[in-house]
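Chemist: Take a look at the following structure, please.
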Amino acid sequence: MAKMLMCPCGEQLVGRSDDDFVTAVDAHLQTAHEGRTYPASMILQMAQPFPDDQLP
């Protein structure tokens, strides 16, 4: 099952695997929220399950 996080700015972030998800969140943080970082463990704790068949 994929993972999803709805950022407070309104952006929906998804990843097929844990690594893809953390990469997507990190990339979003760098472009939309410069200077904000979180460890991978915290990013994964905030994740919600997301059905694979609904991935873009």
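Chemist: Scan the stretch 21-33 for residues that are touching a residue at least 12 places away in the same chain (Cβ under 8 Å) and either of a type outside the set (Phe, Trp, Tyr) or more than 11 Å from LEU44 (Cα to Cα) (or both) and jot them down.
Modeler: VAL22, VAL25, ASP26, HIS28, ALA32, HIS33
Chemist: Could you grab the pairs with beta carbons closer than 8 Å, sequence gap of 6+ or different chains, first residue in the stretch 1-14 and more than 13 Å from GLN54 (Cα to Cα), second one surrounded by 14 or more Cβ atoms within 10 Å (Cβ to Cβ) and aromatic (Phe, Trp, Tyr)?
Modeler: Pairs found: LEU5/PHE21.
Chemist: Another question about this same structure. I'm trying to understand the selection: among the residues of the stretch 38-56, which are open to solvent by less than 80 Å² (accessible area, probe 1.4 Å), in a loop (DSSP other than H, G, I, E, B) and touching a residue at least 24 places away in the same chain (Cβ under 8 Å)?
Modeler: ALA47, PRO51, LEU55
Chemist: Mind telling me which of the residues GLY10, GLY35 ends up being open to solvent by less than 60 Å² (accessible area, probe 1.4 Å), part of a loop (DSSP other than H, G, I, E, B) and of a type outside the set (Val, Ile, Thr)?
Modeler: So the residue among GLY10, GLY35 that is open to solvent by less than 60 Å² (accessible area, probe 1.4 Å), part of a loop (DSSP other than H, G, I, E, B) and of a type outside the set (Val, Ile, Thr) is GLY10.
Chemist: Answer yes or no as to whether THR23 is assigned to a helix (DSSP H, G or I) and hydroxyl-bearing (Ser, Thr, Tyr).
Modeler: Judged against the criteria, THR23 is a match.
The values are calculated or read from the model by the stated rules, or taken from the named source; none is laboratory data. Keep in mind that this is a model prediction, so the values were computed, not measured. Counting neighbours? That spans all protein chains shown, and the Cβs are built from the backbone with ideal geometry, glycine included. Please note that ligands, DNA and RNA were not included when accessible areas were found on the heavy atoms of the full protein model with its side chains. Shrake-Rupley method; radii C 1.70, N 1.55, O 1.52, S 1.80 Å.
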